[in-house]
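Q: Please read through the structure below; I'll follow up with questions.
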Amino acid sequence: MSDPPASAPASAALQEDDVSAIDHLRAAYADLREELGKVIVGQEEVVEQLAICLFARGHALLMGVPGLAKTLLVSRLAETMSLSFSRIQFTPDLMPMDITGTEILQDDGSGRRSFEFAKGPVFANIVLADEINRAPSKTQAAMLEAMQEHRVTVAGHSFDLQPPFFVLATQNPIEQEGTYPLPEAQLDRFMFMIGVDYPSREEEIAIARTTTGEAPPRLEPLLDGEQVLRFQQLVRRVPVPDHIYQLAVDLVRRTRPEQGEAPDWLKPLVGWGAGPRAVQYLILGSRARAALHGSYMVRQEDLVAIASPVLRHRLIKTFTAESEGVTARSVIARLVEELTSEK
């Protein structure tokens, strides 16, 4: 991951145009949630985390059992933003060229033949990589290279992906037979791991009512690609106080059992902690969340809110933690609670 642009010092103040732009982003986000609410019941936290990833130029990995509307949510999100959408169903026989595209031999009508590049489904603004752990490693690598470099290379030629480019991958946590789990180095490329949980009883009743009647309504496009790009640039100008940088670094360093900052209770539970990319994503995610909520400066509550989705897939648990049923979420929650109580 390339280094993000230099962050604003704590004393930096937003320009008047940026203040009004943040107000516009907050209003647009409220409209987006309302529009998605016409077809998506509940999942407010998931929607917020997806929006944070989008405006922070990150990618997200959605983890949840089948039937929780992960695919529907992603496709409707693209619909509300007037962005091109592509869905790739990962299977064991999926090849890299099925994602990136390939060169095909074409006849120009005069008897001469030449190779032309036929773009694959990765050439879209929002790409849903459904069940990414179903495909072999070389196919996963082709997808993750596109995420990292924002371009693909086929037959020695590079082709840029049109921004904004946002990848959402899904995994089924309960069915692992015949899968190719993503290694930690590839998981680290995702800004967030978003847990999609079961709905509440009231939400499930509402789902039954709204999905078993007439066809769901079409959603109105609220943002276009140019607006999304401007908001992405705006997010990186949101000021971050010095103590937020320190909090992000302290939190990540405490996840590393081999370093002195890690608490004693964590060392038997975590075999490997988060790297510097986690600090970058904590800051970028905090900036995006602050802007979505209409704040003109990052607050501690912004960082606390995104700590779990940033860190949960970056902690490698030990056998002791697995055997005792300790989750990454619970480890992160305890770290955050202890750290914020000290500040």
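We did not get these values from a lab; they are worked out from the coordinates using the rules stated. Here the structure is a predicted model, which means the values were calculated and not measured. Virtual Cβ from ideal backbone geometry, glycine too; neighbours counted across all protein chains shown.
Q: Would you kindly work out the equivalent ellipsoid of the range 16-342 from its C-alpha gyration tensor and give its semi-axes, the square roots of five times the eigenvalues, largest first in whole Å? Please report the intermediate quantities before stating the final value.
A: Details: eigenvalues 216, 129, 98 Å².
Whole-Å semi-axes of the equivalent ellipsoid: 33, 25, 22.
Q: Still on this structure, please answer the following. If I stretch the segment between Ala206 and Gln227 completely, what's the gain in nm (0.36 nm per residue apart, minus their alpha carbon distance), one decimal?
A: Values: separation 21, 0.36 × 21 = 7.56 nm, distance 3.29 nm.
Full extension from Ala206 to Gln227 adds 4.3 nm.
Q: If you average the C-alpha positions of the range 272-302 and of the range 159-227 separately, how far apart do those two centres end up, in angstrom?
A: Between the Cα centres of the range 272-302 and the range 159-227 lies a distance of 21 Å.
Q: Let me ask something additional. DSSP loop (so not H, G, I, E, B), at most 13 other Cβ within 10 Å: list which GluC sites (Glu not before Pro) in the range 112-192 pass both filters.
A: Details: sites: Glu116, Glu131, Glu145, Glu149, Glu175, Glu177, Glu184; in loops: Glu131, Glu175, Glu177.
Answer in residue order: Glu175, Glu177.
Q: Could you work out how far apart the two model spin labels at Asp23 and Gln246 are, taking each label as a point 7 Å from the Cα in the direction of the beta carbon, and quote it in nm?
A: 3.4
Q: Same structure again: How long is the gain from Gln162 to Tyr198 if the chain were fully straight, where each residue apart is worth 0.36 nm and the alpha carbon distance is subtracted? Before the final figure, lay out the partial values.
A: Numbers: separation 36, 0.36 × 36 = 12.96 nm, distance 3.47 nm.
This chain segment gains 9.5 nm when fully extended.
Q: Follow-up. Going through the range 78-117, which trypsin sites (Lys or Arg not before Pro) have at most 10 other Cβ atoms within 10 Å and a DSSP loop state?
A: Details: sites: Arg87, Arg112, Arg113; in loops: Arg112.
The qualifying sites are Arg112.
Q: Among bridges DSSP assigns within the chain, what percent are antiparallel (round to 5)? Don't skip to the end; give the middle numbers.
A: Numbers: 13 of 30 bridges.
That works out to approximately 45 percent antiparallel.
Q: Give me the extension gain from Ala30 to Glu301: residue separation times 0.36 nm, minus the current Cα-Cα distance, reported in nm with one decimal. Show your work: numbers first, answer last.
A: Working: separation 271, 0.36 × 271 = 97.56 nm, distance 1.92 nm.
My answer for the length gained is 95.6 nm.
Q: I want to check the label-to-label distance for Thr340 and Ala141. Put each point 7 Å from Cα in the C-beta direction and report it in nm to one decimal.
A: Label at Thr340, label at Ala141, 4.1 nm between them.
Q: Let me ask something else about it. Go ahead and estimate [θ] at 222 nm for the chain from helices alone: -39,500 (n - 2.57) per DSSP H run with n ≥ 4, summed, over the residue count, rounded to 500. Intermediate values should be presented prior to the final figure.
A: Details: 13 runs with 150 residues, N = 343.
Taking each H run of at least 4 residues, the total per residue is -13500 deg cm²/dmol.
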